[in-house]
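Report on the following structure.
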Amino acid sequence: MKKFSKILLYSMVVLIFIFVITEASIIVFGISAKPKKSDCIIVLGCAVYGNFPSPFFRERLNKAFELYKKDYARYIIVCGAKGAGENISEAEAGKRYLIGKGVLPEFILKEDRSFSTYENLLNAKRIMNRRGFKSAIIVSNMFHLERAYLIAKKLKINASVSGVYVQQYSYEEYKGFIREIMALWYEIFKTLKPF
């Protein structure tokens, strides 16, 4: 029984260590993210309330607009299909929001078929290939950036990243940082190839 208790204790210690290291990696990656001038900005999809971007999505779009205004990229690709409870696709809501801020429609490209981060980036890459774009800035919440970057590398997208932190929804942000630990490890295990 003592041996079993020791094994259990050591296992718990190892799991806590992995949890802390992974969380630290996600936080540091998100904080230190720096965009590079690119051919386009990819805004990862997020919830839409009826016809309007949710607060998280709105802040991602605001960040993309800020980068666009600073000439980091000429085109913006907005991602996301129409989900449950959404009147229009996330991409369409994002496009309307950016047009409302003054971006010309011809510089906004919609990717409206995806339901996950992987699909966002896979379909955005297809748009990049058709347009001859060679580089992108991926915009999302800070907690999401490391996993998005890992997926981009897997898809051979030459990408930098830029993140947002929505202060007024800090509880949801904290939940995102915690939830992302398992999502990141899932993506890492998917990337590993068997011997």
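Taken together, the values in this text are just the output of simple stated rules run on the coordinates, not laboratory data. The model shown is predicted, which means the values in this text are computed figures rather than measured ones. Methodologically, a virtual Cβ is constructed for each residue, glycine included, from the backbone with ideal geometry; neighbour enumeration extends over all protein chains shown.
Under a Cβ-Cβ cut-off of 15 Å, what is the net charge of the residues other than ARG179 that fall near it, where Lys and Arg count +1 and Asp and Glu count -1?
Details: positive: ARG147, LYS175; negative: GLU23, GLU146, GLU172, GLU173, GLU180, GLU187.
Summing Lys and Arg as +1 and Asp and Glu as -1 gives -4.
Report, in degrees rounded to the nearest 10, the 0 to 90 angle that the Cα long axis of helix 55-69 makes with the longest principal axis of the chain.
Result, in degrees: 60.
Hey, what do the phi angles of the stretch 8-23 turn into as Karplus ³J(HN,Hα) couplings, whole Hz, using 6.51/-1.76/1.60 and θ = phi - 60°, x for Gly and Pro?
Along the stretch 8-23, the couplings run 4, 5, 4, 4, 5, 4, 5, 4, 5, 4, 4, 4, 5, 5, 5, 4 Hz.
Normalise the Debye intensity by I(0) for the stretch 1-76, one equal point scatterer per Cα, no solvent, then take log10 at q = 0.16 Å⁻¹ and round to two decimals.
-0.75
What does the charge add up to near ILE127, with Lys and Arg as +1, Asp and Glu as -1, over the other residues with Cβ less than 9 Å from its Cβ?
Details: positive: LYS110, LYS125, ARG126, ARG130, ARG131; negative: GLU111.
For residues surrounding ILE127, the net value is +4.
Please enumerate, by chain and number, the aspartates and glutamates with C-alpha under 17 Å from the C-alpha of LYS70, excluding those fewer than 8 residues away in the same chain.
In chain and number order, the partners are ASP39, GLU59.
Between the alpha-carbon centers of the stretch 142-164 and the stretch 1-71, tell me the distance in whole angstrom.
Between the Cα centres of the stretch 142-164 and the stretch 1-71 lies a distance of 10 Å.
Please list, ordered by chain and number, the residues whose modelled amide H lies under 5 Å from the amide H of ILE41; skip anything fewer than 5 residues away on the same chain.
TYR75, ILE76, ILE77, ILE137
Could you tell me how many degrees, from 0 to 90 and to the nearest 10, lie between the Cα long axis of helix 117-131 and the main elongation axis, the longest principal axis, of the Cα atoms of the chain?
Once rounded, the angle reads 40 degrees.
Report, in deg cm²/dmol and to the nearest 500, the calculated mean residue ellipticity at 222 nm for the chain, where each DSSP H run with n ≥ 4 adds -39500 (n - 2.57) and the sum is divided by the residue count. Let's see the in-between values first.
Details: 6 runs with 104 residues, N = 195.
Helices in the chain give a 222 nm mean residue ellipticity of -18000 deg cm²/dmol.
Expressed as an acute angle from 0 to 90° and rounded to the nearest 10, what is the orientation of the C-alpha long axis of helix 90-100 relative to the principal long axis of the chain?
Helix 90-100 sits roughly 50 degrees off the main axis of the chain.
Could you rank the peptides 134-144, 82-92, 164-174 by their average count of other C-beta atoms within 10 Å per residue, with the highest value first? Don't jump to the answer; show the numbers that get you there.
On the way: 134-144: 24.5, 82-92: 17.0, 164-174: 13.5.
Averaged packing, sorted descending, gives the order 134-144, 82-92, 164-174.
Can you give me the long-range amide H partners of TYR49? Hydrogens built in the peptide plane at 1.01 Å from N, cutoff under 5 Å, separation of 5 or more residues or another chain.
For TYR49, whose amide H was placed from the backbone, the distant partners under 5 Å are SER54.
Which whole-percent values make up P(r) of the chain when all C-alpha to C-alpha distances are grouped in 5 Å steps starting at zero?
Pair shares across the bins are 1, 8, 15, 19, 19, 14, 9, 5, 3, 3, 2, 1, 0, 0.
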